[in-house]
1. Within region 108-130, find all residues whose amide N lies under 19 Å from a label point positioned 7 Å from the Cα of T172 along Cα-to-beta-carbon.
2. How about region 19-85: which chymotrypsin sites (Phe, Trp or Tyr not before Pro) there are in a DSSP loop, with at most 16 other Cβ atoms within 10 Å of their Cβ?
3. If contacts are Cα pairs under 8 angstrom and at least 6 residues apart, what is the relative contact order of the chain in percent?
4. Longest exposed-loop-site-free stretch of the chain, with GluC sites (Glu not before Pro), DSSP loop and at most 16 other Cβ within 10 Å?
5. Using the beta-carbon distance between A107 and S32 and R0 = 41 Å, what value does 1/(1 + (r/R0)^6) give for FRET efficiency, to the nearest 0.05?
6. Under 10 Å, Cα contacts only: if you run a Gaussian network model on the chain, which one of M125, M12, M222 comes out with the highest mean-square fluctuation?
7. So how far apart, in nm, are the two label points at Y48 and K156 if each is 7 Å from Cα heading toward Cβ?
8. Cα-Cα over 26 Å: which of K55/K105; K34/K55; K174/K236; K114/K245; K71/K122; K71/K105?
Amino acid sequence: MRTWIVAGNWKMHNTNEESVALAKAIKDGVSSLKNGEVVLAPPFTSLYRVAQIIKGSSISLAAQNMFYEDKGAFTGEISPVMLKDIGCTYVIIGHSERRKYFHEKDADVNLKVKKALALGLKPIMCVGETDEEREKNVTRAVVGRQVKEGLRGVDKIDNVVIAYEPVWAIGTGKVATPAQAQDVHAFIRAILKDIYHDAAAGIRILYGGSVTADNISELIAMEDIDGALVGGASLKTDGFLGIIKNIAGEK
């Protein structure tokens with residue numbers, strides 16, 4: 001049985017004080033949670049403060065990105081060593097916004113995934129097609145390539161989480177239907193099974209893209225959807241806790 005995850009990606013939002021207030025509210029809201037896992041990914045500037053708030057709780061800390069070297073002359077980058085030191089357990093890698101705005105390629109994602117695993121961080125590796133790619137009916141070709149190239153040379157997948165985020169659904173209000181999402185999730189799991197055999201059954205695959213408390217129940221009911229990577233809705237306590245509550249009720 002796979003344990004569900006709800007990860008809140010705060011993106012470039014929240015000052016330190018706003019991050020502290022939100023983390024406290026979420027911590028209080030999940031204090032009685034008996035199953036599943038909640039992950040918070042604040043901006044780099046708030047990682048330390050949020051780490052102190054959630055210390056000793058069931059909530060895990062994630063960074064939104066990392067570089068693939070331990071240290072060096074890489075101005076503006078953050079290393080996995082620094083993330084581990086500050087208390088991170090997870091790191092989001094290959095988010096579509098990183099691919100779009102910062103031109104990250106599959107090879108970059110692969111380097112980051114391997115480095116994260118080597119340093120004891122759990123990567124949440126993001127994959128997903130654009131609206132144009134969906135219209136051209138190449139979703140499987142794009143997602144399949146991203147999964148295979150992102151995991152190239154990764155021998156053990158136990159600590160990897162995959163997040164399927166159709167780019168056309170991120171921040172647009174559009175959401176893949178449960179059937180559409182399940183189809184791609186099952187496709188991803190089939191790829192993992194081909195590479196990792198029985199280990200693929202235990203890999204958690206999250207859905208992301210305009211997830212709300214209103215639409216998550218139908219999505220999470222699908223066989224191969226194991227949780228959610230939440231953007232905008234994770235910035236509001238009630239909305240984020242509503243997603244968590246509805247997932248906990250289904251899984």
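Each reported figure results from applying straightforward, stated rules to the coordinates on display, with no laboratory input. Because the structure is a prediction, the values reported are computed rather than measured. Cβ placement follows ideal geometry from the backbone for every residue including glycine, while neighbour counts extend to all protein chains displayed.
1. Hits in region 108-130 for T172 at 19 Å: 126-130.
2. Details: sites: F44, Y48, F67, Y68, F74; in loops: F67, Y68, F74.
Hits after loop and neighbour filter: F74.
3. Worked out over the chain, it gives 20 percent.
4. Values: sites that count: E69, E77, E223.
Counting at most 16 other Cβ atoms within 10 Å as exposed, the longest clean stretch of the chain is 78-222.
5. Values: r = 44 Å, r/R0 = 1.06.
For A107 and S32, the calculated efficiency is 0.40.
6. M12
7. In this crude spin-label approximation the distance works out to 3.2 nm.
8. Numbers: K55/K105 34 Å; K34/K55 18 Å; K174/K236 19 Å; K114/K245 33 Å; K71/K122 19 Å; K71/K105 21 Å.
K55/K105; K114/K245, as the Cα separations exceed 26 Å there.
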